[in-house]
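Colleague: Here's a structure for you.
The values are calculated or read from the model by the stated rules, or taken from the named source; none is laboratory data. Computed from a prediction, not measured in an experiment: that's the story for all the values here. Cβ: placed from backbone, ideal geometry, glycine included. Neighbour counts: every protein chain shown. All accessible areas refer to the heavy atoms of the entire protein, side chains included, with ligands and DNA or RNA removed. Shrake-Rupley method; radii C 1.70, N 1.55, O 1.52, S 1.80 Å.
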Amino acid sequence: MGVYFEQEFLVDSRDVDLFNHCRPSALLGYLQEAATGAAVELHVSRYDTMARYHAFWMLARMWYRLDTPLRWNDRLTVRTWHRGGRGAAMYRDYDIYQAGRLVGEGVSTWVLADADTHKLLRLGDVAEFQNTDGGELCKDKTLSRLRRPQDLEVAGRREMRYSDTDINGHVNNVRYADFVCDALHLERRQGEFVTEMQIGFLSECRAGETVDMLARWDGAEGFVSGVGQEGTARFDCALTLGTV
């Protein structure tokens, strides 16, 4: 058995939507918190990497899949492990359990960037990742950059505000899932839930900036791209709905 970290979460009233389904942003938050806990245990937390390598973590891509919607008062266990430090990006895997039953999984890719230059560090040089990977638990799934459809339509404009920001001074990763769900008007999709979502974080957003939301539906598959006023894509997201 490889090295893994487990953390329990309770889906509370702040985490569910009008259909009593755990919002994608809340689920991504659980996965991100579990990754943070695992990093602390491995001594590669934000504070550790700043002290030893003058570098900080950046989430590049995040994907999850759910077999069933999660609801208020569900107790979850997230198990997570990394695939080893090679090259500039590190994969981290997740299994999601509800009442002891495997109900979903996730994969994320992270990079370690120099605090001054933002140049990416080679993770093979980070000693803490040696012999601490998930071994046979490691998944095969890889996350490629999403292919953006050509026929996206403007679905609104979003101003980044104080409530969107985190300790790094930019918009928190999980908030992009809320932007996506708003742009696709998931409040209109009664009887459905997000079974799969992938977000690619392309460029940082900060409070005071405005992002155009470009979106489209193709049956049960939705796509959203957030584009800054300078014309640069800030994030892309693809999701799939399933029936309850």
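Colleague: If I filter region 153-166 for residues that are part of a strand (DSSP E or B), open to solvent by less than 30 Å² (accessible area, probe 1.4 Å) and hydroxyl-bearing (Ser, Thr, Tyr), do I get at least one hit?
Modeller: The answer is no, given that none of the residues of region 153-166 is part of a strand (DSSP E or B), open to solvent by less than 30 Å² (accessible area, probe 1.4 Å) and hydroxyl-bearing (Ser, Thr, Tyr).
Colleague: Exactly one condition in (1) within 20 Å of the chain's Cα centre (by Cα); (2) over 29 Å from Met50 (Cβ atoms); (3) in contact (Cβ under 8 Å) with a residue 40 or more places away in the chain; (4) in a loop (DSSP other than H, G, I, E, B) is false for Gln190; which is it?
Modeller: (1)
Colleague: If I ask for residues that are of a type in the set (D, E, K, R) and crowded, with 20+ Cβ neighbours inside 10 Å, which ones from region 1-56 would you list? Working first, answer last.
Modeller: Going through region 1-56, the residues of a type in the set (D, E, K, R) turn out to be 6, 8, 12, 14-15, 17, 23, 33, 41, 46, 48, 52.
Within region 1-56, Asp15, Arg23 meet the criteria.
Colleague: Considering only residues that are in contact (Cβ under 8 Å) with a residue 12 or more places away in the chain and outside any strand (DSSP E or B), which ones fall in region 206-241?
Modeller: Arg206, Ala207, Gly208, Glu209, Ala220, Gln229, Thr232
Colleague: Right, next: Looking at (1) open to solvent by less than 40 Å² (accessible area, probe 1.4 Å); (2) at pLDDT 95 or above; (3) within 20 Å of the chain's Cα centre (by Cα), find the lone condition where Met90 falls short.
Modeller: (2)
Colleague: Ok, one more. Which residue pairs have Cβ atoms under 8 Å apart, sit 6 or more places apart or on different chains, and have a first residue in region 121-135 that is in contact (Cβ under 8 Å) with a residue 60 or more places away in the chain and farther than 22 Å from Met50 by Cα and a second that is assigned to a loop (DSSP other than H, G, I, E, B) and open to solvent by 40 Å² or more (accessible area, probe 1.4 Å)?
Modeller: Gly134/Val3; Gly134/Tyr4; Gly135/Met1; Gly135/Val3
Colleague: Evaluate region 210-218: report whether one residue or more is touching a helix residue (DSSP H, G or I) at 6+ places or on another chain (Cβ under 6 Å) and more than 19 Å from Gly29 (Cβ to Cβ).
Modeller: Scanning region 210-218 turns up at least one residue that is touching a helix residue (DSSP H, G or I) at 6+ places or on another chain (Cβ under 6 Å) and more than 19 Å from Gly29 (Cβ to Cβ).
Colleague: Given the residues Asp140, Asp116, Asp133, Asp182, which is the only one that is assigned to a loop (DSSP other than H, G, I, E, B), surrounded by 15 or more Cβ atoms within 10 Å (Cβ to Cβ) and acidic (Asp, Glu)?
Modeller: Step by step, each of Asp140, Asp116, Asp133, Asp182 is checked, and only Asp133 is assigned to a loop (DSSP other than H, G, I, E, B), surrounded by 15 or more Cβ atoms within 10 Å (Cβ to Cβ) and acidic (Asp, Glu).
Colleague: Additional query: How about region 62-87: which of its residues are on the phi > 0 side of the Ramachandran plot and either open to solvent by 50 Å² or more (accessible area, probe 1.4 Å) or out of contact with any Asp or Glu (no Cβ under 9 Å at 6 or more places or on another chain) (or both)? Don't jump to the end; show me each part of the working.
Modeller: In the first step, residues of region 62-87 are kept if they are on the phi > 0 side of the Ramachandran plot; the result is 73, 84, 87.
The answer is Asn73, Gly87.
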